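One structure, pasted below without further comment.
The values are calculated or read from the model by the stated rules, or taken from the named source; none is laboratory data. Remember, it's a predicted structure, so these values are computed and weren't measured experimentally. FYI the Cβ positions are ideal-geometry reconstructions off the backbone, even for glycines, and counts take in every protein chain you see. Ligands, DNA and RNA are excluded from the accessible area calculation, which covers all protein heavy atoms including side chains. Shrake-Rupley method; radii C 1.70, N 1.55, O 1.52, S 1.80 Å.
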Amino acid sequence: MSRTVLETRDLTMRFGGLVAVDRVSLQVEARQVHAIIGPNGAGKSTMINLLTGALRPTAGQILFYGRDITGMSPNRISHLGMGRSFQRTNVFPSFTCLENCRLASQSRLKNSFRFFRPAESYRQVTERAERALELCGLSHRRHTPAAAMSHGEQRQLEIGMVLATDPRFLVLDEPMAGMGQRESETLLELLRELNREYALILVEHDMDAVFSIADVLTVMVNGAVIASGPLDAVRNSEAVQHAYLGEADAVEEA
């Protein structure tokens, strides 16, 4: 039985004469952290938008658990089990943690905004929300408004909202953006725990975090993949060091 969760085949996105993603082929296996890095303008965000349905590719194919999802809407892809977080914190400030997660959980119901639903539906929504808060480490903050929380906690909450949609796979777009060291360490530990159950695609500028958690590293430059494979092999690649890492042993800016 195949362990492949996500696969792209020659995925391409053109905006007029600009090729933002250039024939990218990659695979993500079960319980694997696949990090995508590259300088600004490398095509990382476009790649994420293609995977999650926000953009329709010019060419190529996306397979999710063997199913062709190329060109599907974000809502359909989400309902199939792909959960996504965004670069900018995307929570409802006046809602409590539980309310945020409950709203996300409700979106998975077939009729999300029916006002007269069986009581069992409400219980399922709340149970998923409570479990999501437990998974993201915010059970003790369930009744705290998101606006009263630190930036790092809000990022945790956003991941909790993704988990409340009952995903099978996580796509995380710069989850540590704007965090201090302690908050980053907390979130990194959360990602390690989630990786026990989920495969992840991680786009991240924090190279220390990437190098500490990634199993596979894909490096993009100008829309194309210049290297992809096990962390150490890619990190030591002369092509990567020349084009992206420079001659140094570490990355100062992704």
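Working only within the range 38-56, note down all residues that are modelled with pLDDT under 95 and exposed (fewer than 15 other Cβ atoms within 10 Å of the Cβ).
Listed by number, the residues that qualify are Asn40, Gly41.
Quick one: which of Leu202, Leu172, Leu188, Leu217 is in contact (Cβ under 8 Å) with a residue 24 or more places away in the chain and assigned to a helix (DSSP H, G or I)?
Leu188
Return yes when Ala59 is surrounded by fewer than 20 Cβ atoms within 10 Å (Cβ to Cβ), touching a Pro at 6+ places or on another chain (Cβ under 6 Å) and at pLDDT 95 or above and no when it is not.
In short, no.
Just to confirm my filter: which strands (runs of 3 or more DSSP E) fall fully inside the range 1-84 and include at least 3 residues that are closer than 27 Å to Ala177 by Cβ and touching a helix residue (DSSP H, G or I) at 6+ places or on another chain (Cβ under 8 Å)?
Fully inside the range 1-84 and qualifying: 4-15, 18-29, 33-37.
Among the candidates Arg155, Arg131, single out the residue that is open to solvent by 30 Å² or more (accessible area, probe 1.4 Å) and assigned to a helix (DSSP H, G or I).
Arg131
How many residues are free of Cβ contacts under 8 Å to residues at least 12 places away in the same chain and not small (Gly, Ala, Ser) when one looks only at the range 134-148?
Of the residues in that region, 2 qualify.
Residue by residue, here is whether (1) crowded, with 17+ Cβ neighbours inside 10 Å; (2) polar (S, T, N, Q); (3) in contact with a strand residue (DSSP E or B) (Cβ under 6 Å, 6 or more places away or on another chain); (4) at negative phi holds:
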| position | (1), (2), (3), (4) |
| --- | --- |
| His143 | no, no, yes, yes |
| Pro167 | yes, no, yes, yes |
| Leu170 | yes, no, yes, yes |
| Leu188 | yes, no, no, yes |
| Leu200 | yes, no, yes, yes |
| Asp206 | yes, no, no, yes |
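May I pose another question? Out of Val162, Val234, which single residue is crowded, with 21+ Cβ neighbours inside 10 Å, without any contact (Cβ under 8 Å) to a residue 60 or more places away in the chain, on the phi < 0 side of the Ramachandran plot and assigned to a helix (DSSP H, G or I)?
Just one listed residue meets the conditions, Val234.
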